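Note sheet for the following structure.
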Amino acid sequence: MTGSLVDARIVVDRGTFRLDIDLRIDAGEVVALLGPNGAGKTTALRALAGLVPLTDGHITLRDRRLDDARARRWVPAEHRPIGVVFQDYLLFPHLSALENVAFGPRSHGTGRREARTVAAAWLDRVGLADHVRRKPRQLSGGQAQRVALARALAVEPELLLLDEPLAALDARTRLDTRAELHRHLAAHPGATLLVTHDPLDALVLADRLVILEGGRVVQEGDAAEITAQPRTDYVARLVGLNLYRGRATGGSVEVAGGLTLMTTDAVDGDAFVAFSPIAVAVHVDRPTGSPRNTWPATITAVQRHGDNLRLQLDGPIAAAADITPAAAAQLELTPGRHVWAAVKATETRAYPADLPAEPQ
Amino acid sequence: MSRIGTTPPRFRRRVGRTPAVLVLPAVLALAFLVLPLAGLLVRAPWATLPQRLTDPQVLTALRLSLETATLATVLCLLLGVPLAWLLARVEFPGRRLVRALVTVPLVLPPVVGGLALLLVFGRRGLLGQWLDQTFGLTFAFTTKGVVLAEAFVAMPFLVIAVEGALRGADTRYEEAAATLGAGRWTTFRRVTLPLVAPGIAAGAVLCWARALGEFGATITFAGNFPGRTQTMPLAVYLTLEQDLEGAIVLSLILLLVSVVILAALRDRWISAP
């Protein structure tokens, strides 16, 4: 038996799309399933909840087989100790906040009066003791989100699933709700899986990130690992790095366009090179001296990026460069202009592209 | 921002102008629907009306009509809502055929329906004989028969309305209920039914109105016995043969009852756009 509370291999065929992932979550752990739209995140969540049958694989929760495609075992959603917070919450519109939260306990056989007591306690925990009688349409987005969370937690699930829990909220509400959600997830003794396309949600709320692209896990790790060493363009964009793949020999990596980037990391073979847009300097004339990587580039776009301007550069490699507005004005950096890009070797990081064998 | 909410005058005028090609037939249609009703009012024997209204035969027919139409609606709800749920939510082979069969009574001439009921539920009918011998249940030419005939004709209205409501309802609420531990029956009772309640109410109103006006199937299957099977439409038809004014009075009552009940329910249940 594995030590994880959740141990799953989820395979779902959907016509041309195939989801195939391995997933393990420990008790008390919050895992974020992060990926672009159409990566299969929600399908994975629905499979765990028992709303989508597996084509292959298995789902085990605390040593209980919920799904086993080969053995044709499938436990229906209502018999799984799993709570779900749906993307647009799906609070029952005809029931009050209290009745919505009491729905789960009542369906599990708790008496009406006791279920209401339990529900009132949960609403109190999420700070909505004054709103028990409100119908969902009388609640704000943030309040509805909290009722949905209380409703999912009121059945005391071993696995809590959250599908884009903050996507429906405006920016301000999202900030407060995220902080509060973090508190509740930390208090949840069971496993938690959070599905999101927002890297900030994932970084703030999760202990571990699983990144999904095209139905497969492309990278897995904690926030520090993922932000330091992205392994796909999608992840690099999420964490705001320029990322290239190439052949490394010692301290130099040959990437696309015949360009060779010097790094201070010694790697051999297939490797990634990453550097931050802030590390990219832009010059009108070819810079000389100092150990720099330089290449000719054309500016394709200029956007505001925080206090800086972000230039999109084309050339042997496509890159993003962040420079101050003052520098941009001085150098007359407009789209179409030919420039030189430079990155110090000490500002780049190189690491092997082949994943190390997983410790068993 | 101050411009939002004020329509430029020229645009408003263009919206306000409606083409005569559409207005003329629309007015004609309205006249066609309303004039016959006005004719009833014009020709009504207002002087003798109070006396005629208290005629025991009229009251008996009215009460029978209201009772049987209501019972038929209850029967349709009990059987029709599950059928609509089956059609809307369960994939089974031949579902399209079943849906087509459900609508047959809509297009079938009611007299034919009544004859068909007679062949099945009549005293010598396929099921009727067995029901009669085993349970002593007789449908043909009884009040029970009236309810059966009305339900037969009115059920499709309910099934179609409820199935439409079920298809329009968001099934993700049912999934949410399942993740909270609710089985299919609990989900149906506590989530699906309340969500489609307006659709069911609208279907029931249509169904009741159709049952109230039922004539052909009723007279064929249940006959025309005052006090037992003579409902208002039958009474209108029969009275018409000897007493035009009497028929008008009966018709007025039927009209009034329908309008009052539909108007009352419309505000409560059916949301007009």
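The strands (runs of 3 or more DSSP E) located wholly in the stretch A:18-128 that include 1 or more residues which are buried (at least 17 other Cβ atoms within 10 Å of the Cβ), modelled with pLDDT of 95 or more and β-branched (Val, Ile, Thr) occupy A:30-34, A:56-61, A:82-85.
Restricting attention to the stretch A:263-293, and to residues there that are farther than 22 Å from A:Ile226 by Cβ and buried (at least 16 other Cβ atoms within 10 Å of the Cβ), which single residue is farthest from the chain's Cα centre (by Cα)? Residue satisfying both the conditions and the ranking: A:Arg292.
Listed here are the residues, each with its yes/no results for (1) within 30 Å of B:Leu256 (Cβ to Cβ); (2) of a type outside the set (Val, Ile, Thr).
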| position | (1), (2) |
| --- | --- |
| B:Pro45 | yes, yes |
| B:Leu49 | yes, yes |
| B:Leu59 | yes, yes |
| B:Thr68 | yes, no |
| B:Leu71 | yes, yes |
| B:Val107 | yes, no |
| B:Leu115 | no, yes |
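The set of residues in the stretch A:274-311 being modelled with pLDDT under 90 and charged (D, E, K, R) consists of A:Asp285, A:Arg286, A:Arg292, A:Arg304, A:Asp307. The C-beta contact set for the stretch A:272-288 (first residue farther than 15 Å from A:Thr298 by Cβ and outside any strand (DSSP E or B), second residue of a type in the set (Gly, Ala, Ser) and at pLDDT 90 or above, distance under 7 angstrom, 6+ apart or interchain) comprises A:Pro277/A:Ala320; A:Pro277/A:Ala321; A:Pro287/A:Ala342.
Listed by first and then second residue, the pairs with beta-carbon distance under 6 Å, at least 6 apart or on different chains, first residue in the stretch B:191-202 and more than 10 Å from every other protein chain (Cβ to nearest Cβ) and more than 14 Å from B:Met155 (Cα to Cα), second among the β-branched types (Val, Ile, Thr) and crowded, with 22+ Cβ neighbours inside 10 Å, are B:Gly199/B:Val162.
Among the residues of the stretch B:170-188, not one is away from chain A (no Cβ under 11 Å) and free of Cβ contacts under 8 Å to residues at least 60 places away in the same chain. So if I check each of A:Ala187, A:Ala168, A:Ala191, which one is in contact with a helix residue (DSSP H, G or I) (Cβ under 8 Å, 6 or more places away or on another chain) and more than 20 Å from A:Tyr234 (Cβ to Cβ)? So the residue among A:Ala187, A:Ala168, A:Ala191 that is in contact with a helix residue (DSSP H, G or I) (Cβ under 8 Å, 6 or more places away or on another chain) and more than 20 Å from A:Tyr234 (Cβ to Cβ) is A:Ala168. Only one of the listed residues (A:Ala49, A:Ala121, A:Ala69, A:Ala44) is under 25 Å from the mean Cα position of the chain (by Cα) and more than 11 Å from every other protein chain (Cβ to nearest Cβ). That residue is A:Ala44.
So which residues in the stretch A:317-358 are in a loop (DSSP other than H, G, I, E, B) and under 25 Å from A:Thr232 (Cβ atoms), if there are any at all? A:Ile317, A:Ala318, A:Thr348, A:Ala353, A:Asp354, A:Leu355, A:Pro356, A:Ala357, A:Glu358 - these are the residues of the stretch A:317-358 that are in a loop (DSSP other than H, G, I, E, B) and under 25 Å from A:Thr232 (Cβ atoms).
The values are calculated or read from the model by the stated rules, or taken from the named source; none is laboratory data. All figures in this text were calculated on a predicted structure; none of them were measured in a lab. Here Cβ is always computed from backbone atoms with ideal geometry, including for glycine, and neighbour counts include all displayed protein chains.
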